[in-house]
Amino acid sequence: MVFNTGSALLDAIVLAVVSKEAQGTYGYKITQDVRSAIEISESTLYPVLRRLQKDDCLEVYDQAIDGRNRRYYKITESGRAQLRLYRGEWNNYSRKISEIIREE
Amino acid sequence: MRKDDFLKELEYLLQDIPDDEKKDAIAYYRDYLEEAGPEREEEVLAGFGSPEKIASEIRMNLTGNVNQRGEFTDQGYTDRRFDRTFHPAVSVPQGARTQGAAGKGEASHSDGGRTDHGKREDKRFRGIKEFFSGRAEDVWWKYLLAGVAVIVIAPVLFSILLGIMGSLVGVFSLLVGCLILLAVLTLTAFVGGAALLANGFLHLFTGFWSGVMMVGMGMIAIGCGFLLFFCSYMFYGRFLPWAFRGIWRVCRKAVASLPGQVR
């Protein structure tokens, strides 16, 4: 991809993807969802998820699926607050950029 | 590399990080590979890259000052201190991050140290500055460390400096010696040539041909004198100043570019 995705935008994308699942979602699915929008490698998200988890934006719980544990990530209240902030900033930012860059 | 080999290798590489961090990471990657299923396993492992790369990403994230050093983007871990093409566009969401973190700090004050991500970004070298200005807290061991470093490094540095100075003095004396030698040679050529010339003119009256030979030799000697004088002038008057100017310019450029390299 031509444009870089900075860490704040990547956080915003991950928070948005996780927030769409009320019951939470798991690493593989998050990665595939994010990959539908931007090019990231399969390994990119673990550090991001771990950091968001440490920052209290995400919480994790394990659930047994097919005889093994699957780790679910769920957005927390402060994660939601952070996402709201990102969303506002992003709307503002992307609108301005689109206006400037738009073809006449 | 198969899944189990990959996980075993990763576990080996992460053996020095805290246990829960290691378990969490291994569980995540195992989970991920199982989720991908056997048919995507090869592809996913190829996407992971080497276990070493994954391990270093995890380690990097663990050091805690991700916001100080670098960040995880869609390109993986990038450290902007080494990134010459810094895009200011990124700093808009970065600012958002600062506010967000500050807002979050009010909600949950569990980790007050994390409330100034953005500010810390600008103070990357604060630690180093404090180290040298001595404003950091509990610095006695740093002074001790610095003292030991001085004791260890000083003799080495001293001998290197002495060597450089010795070489400089040597080169300088060589140049001066050559200059004196050249001056003596030139003077000899001139004086000898003049003497031969005068003698030759006198001999023209007694024995004509021997006089002519002496005049010729005198002229050759004077010519040699001029040649030597010209060579010395070219070397000491033109070449050396030019060479010193060149060396000086190179040194100044190197010194001027030093702070840039540090940054």
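The values are calculated or read from the model by the stated rules, or taken from the named source; none is laboratory data. Everything quoted here is computed from the prediction, not taken from an experiment. Here Cβ is always computed from backbone atoms with ideal geometry, including for glycine, and neighbour counts include all displayed protein chains. These accessible areas exclude ligands, DNA and RNA; they are computed on the full protein's heavy atoms, side chains included. Shrake-Rupley method; radii C 1.70, N 1.55, O 1.52, S 1.80 Å.
Being under 26 Å from B:S56 (Cα atoms), within 9 Å of chain B (Cβ to nearest Cβ) and free of Cβ contacts under 8 Å to residues at least 12 places away in the same chain, is that true of even one residue in the stretch A:66-88? There is at least one residue in the stretch A:66-88 that is under 26 Å from B:S56 (Cα atoms), within 9 Å of chain B (Cβ to nearest Cβ) and free of Cβ contacts under 8 Å to residues at least 12 places away in the same chain.
If we scan the stretch B:249-263, do we find a residue that is polar (S, T, N, Q) and open to solvent by less than 60 Å² (accessible area, probe 1.4 Å)?
Looking through the stretch B:249-263, at least one residue is polar (S, T, N, Q) and open to solvent by less than 60 Å² (accessible area, probe 1.4 Å).
Given the criterion within 11 Å of chain B (Cβ to nearest Cβ), closer than 29 Å to B:E52 by Cβ, under 15 Å from the mean Cα position of the chain (by Cα) and charged (D, E, K, R), identify the matching residue among A:D11, A:D56, A:D62. Testing whether each residue is within 11 Å of chain B (Cβ to nearest Cβ), closer than 29 Å to B:E52 by Cβ, under 15 Å from the mean Cα position of the chain (by Cα) and charged (D, E, K, R) leaves just A:D11.
The residues of the stretch A:14-47 that are facing chain B (nearest Cβ under 7 Å) and without any contact (Cβ under 8 Å) to a residue 40 or more places away in the chain, listed by number, are A:Y28, A:I38, A:E39, A:I40, A:S41, A:E42, A:S43, A:T44, A:Y46, A:P47.
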